[in-house]
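The values are calculated or read from the model by the stated rules, or taken from the named source; none is laboratory data. A quick note: this is a predicted structure, and the numbers were derived from the prediction, not measured. With ideal geometry, Cβ positions are generated from the backbone for all residues, glycine too; neighbour counts draw on all protein chains shown.
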Amino acid sequence: MTEENQDHVGMTDVEQRFEQAIDGAPAHPRPVRWNAVRDVVAALLLLLALAVPWNVSFGLGMPNRMWWLFAVVVGATLLALVALAASHGGPLAASESIDKARLGLTAFYLLVVLGFVGFAIFDFAYLSGGGATAPGIGPGVMVGAAGAFLAAQPVLRGDDGEGRRFVGWFVFASRIASWAKFLVVVSVVVNLFVRMRDVLPNVFDAGVAGASIAAILTAVAYAIVAATAVWIGLRWLQQEELAAGIATVALGAATLVGTLLVWFLGVGRDVDAFHGIAQATSTAGVGYEGYLPWAAAAAIFAPMVLRRAFTKPIDPTVWQHAMRKCLLLIVVWCGGSAVLRIVDVIAQLASGVPFSPSDSVVLFLFDAATAGFAYWFRSNVGTASQHPAVLSRLSGVLFVLLACRLIVGIGLSRSIMYAAPPDGFDDSVYGNALEHQLTSTFDVVLCVLSLAVVAIAVFVLRGVQRRSDEPGAGATPAPAPQAPEEWDPTAPLADDSSVGPEEEVEPKEQVEPKEQVESKDEVEADEGRHRHRRQPTPEEDSELNQSSSLA
């Protein structure tokens, strides 16, 4: 058994593949800047989580304040902050035990997050069909989970074994995706059962058969569209491509920004009836089974993926693949929304509910136009990348379409004309006065995700093109970077200027071997003999005489 095989004893196939995917870090001192930026972001996320709701009944801004639970969350936050501080000062920071200390001090925070997730799942199953609002998962849990995962990860050391320390984290992200997929199936089945159990018997009643069938088809269509969008995003967590890691980081960051915008902005309550507090999938579109894993996986992948992407030359096709993944999610959601607009019209006609045909047509056209443009853009990313200015403008048009679609979706939704506001409506932090609403937090997330596409087009691909157009770039071309679709950075990363000074080695003077010099003289003599085989010109004659004298 070789030494390489001995290193992999006791490891599963998945762990071996992930190790090969991330191994090959540079052998130099710790990348100080990368560690500092990661820990600062983690601290900001942990503190921000204290200022936003964790569900519909807990957190700042919620009417029901359970101070004992808030004290538990604050205590867990302080422990995680201590782990971050210990990584940058004191004797523990330079020891090999710092990785275990970070994980141990942050574990309590992760248990608190797991407790909120378990409470949301239990109450969803217990309260389904009873008319009460399930607690859901608020932006506080998502932001806090992202900060905790950043704080719990090992310190970036920049040595050859750095990849192995992150293998377990990447495998854990894959397991999170598997659990989330299972929860998506469960929530969809439970929601369909609750919505269809009272309607299904009426299918055989001639008086209300049409409306009952329309209600069943509407529930099934909404569940399929929401589950498909969540499933696509979760698949990225289990793919070993670098492009999938970049897309996961973009989607997780967009999730955090989108949920926070829906909560803090005044119009957020009209954007999403639950005000950014995610419910189960198909309850109100995409649920916390997608949002929370995306945010957690983005925190797990971000340090290694971004460091790999910005410290070693990456083939532009990798960035293009990441753009295509983001565009696919936009195509599926916008195209699915266009189909749901048609299903809503059919259901309203079958039920005799009044509606505005013109508004329905406008909403459908915006969804279809955005989906069609995103599909065309996705199919032509490779061609458009040859013209960075065109690619930047196309990505900007996509963002404008998504933003306009979001605005129109809110503005054309029909409002309930209350004679007087219901009791407690103004005091509640969720719910709105709209009759029916397809627009949700996920539409805001897609708008932010399109900004990530814009950033790749403007700052990354355009920068690559600009460097290739620099004078002298064609005269001495750099070797083509090895960046296959499989995430296999086996070569060392590029030197990081932030890792600290390194010892400079004076280059040794290279002396040409004696044998090589003599071989050159022989070659020149051979060339002189060959020139004698034909009638030389006067110039060649003089050159020949000169070379003979030199010899």
Subject >> Lone qualifier among 95, 87 - being of a type in the set (Ser, Thr, Tyr), without any contact (Cβ under 8 Å) to a residue 40 or more places away in the chain and farther than 23 Å from residue 288 by Cα >> reply: 95
**OP:** Inspect all residues belonging to segment 167-174 and state whether any of them is surrounded by fewer than 22 Cβ atoms within 10 Å (Cβ to Cβ) and outside any helix (DSSP H, G or I).
**Re:** no
Original post:
Is it fair to say residue 322 is within 22 Å of residue 400 (Cα to Cα), of a type in the set (Gly, Ala, Ser) and in contact with a Phe, Trp or Tyr (Cβ under 6 Å, 6 or more places away or on another chain)?
Top reply: no
Original post:
If we only count helices (runs of 4 or more DSSP H) wholly inside segment 194-280, which ones have 3 or more residues that are more than 22 Å from residue 334 (Cα to Cα) and touching a Phe, Trp or Tyr at 6+ places or on another chain (Cβ under 8 Å)?
Top reply: 242-264
**OP:** Report those helices (runs of 4 or more DSSP H) wholly inside segment 314-400 carrying at least 3 residues which are at pLDDT 90 or above and buried (at least 18 other Cβ atoms within 10 Å of the Cβ).
**Re:** 316-351, 357-379
**OP:** Would you please name the residue that is surrounded by the most Cβ atoms within 10 Å (Cβ to Cβ), looking only at residues in segment 198-213 that are within 22 Å of residue 128 (Cβ to Cβ) and either under 40 Å from the mean Cα position of the chain (by Cα) or among the aromatic types (Phe, Trp, Tyr) (or both)?
**Re:** 212
Subject >> residue 241, sole failed condition from (1) farther than 27 Å from residue 138 by Cα; (2) surrounded by fewer than 18 Cβ atoms within 10 Å (Cβ to Cβ) >> reply: (2)
**OP:** Please go through segment 59-80 and pick out each residue that is touching a residue at least 40 places away in the same chain (Cβ under 8 Å) and not β-branched (Val, Ile, Thr).
**Re:** 59, 61, 62, 63, 80
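Rundown of residues vs (1) closer than 15 Å to residue 148 by Cβ; (2) not in a helix (DSSP H, G or I), yes/no style:
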{"position": "84", "(1), (2)": "yes, no"}
{"position": "89", "(1), (2)": "no, yes"}
{"position": "92", "(1), (2)": "no, no"}
{"position": "96", "(1), (2)": "no, yes"}
{"position": "102", "(1), (2)": "yes, no"}
{"position": "108", "(1), (2)": "yes, no"}
{"position": "114", "(1), (2)": "yes, no"}
Original post:
Only one residue in 263, 319, 333 is touching a helix residue (DSSP H, G or I) at 6+ places or on another chain (Cβ under 7 Å), under 21 Å from residue 218 (Cα atoms) and not aliphatic (A, V, I, L, M), so which one is that?
Top reply: 333
**OP:** Filter segment 401-418 for residues that are without any contact (Cβ under 8 Å) to a residue 40 or more places away in the chain, aliphatic (A, V, I, L, M) and either part of a loop (DSSP other than H, G, I, E, B) or over 16 Å from residue 270 (Cα atoms) (or both) and give the result.
**Re:** 401, 416, 417
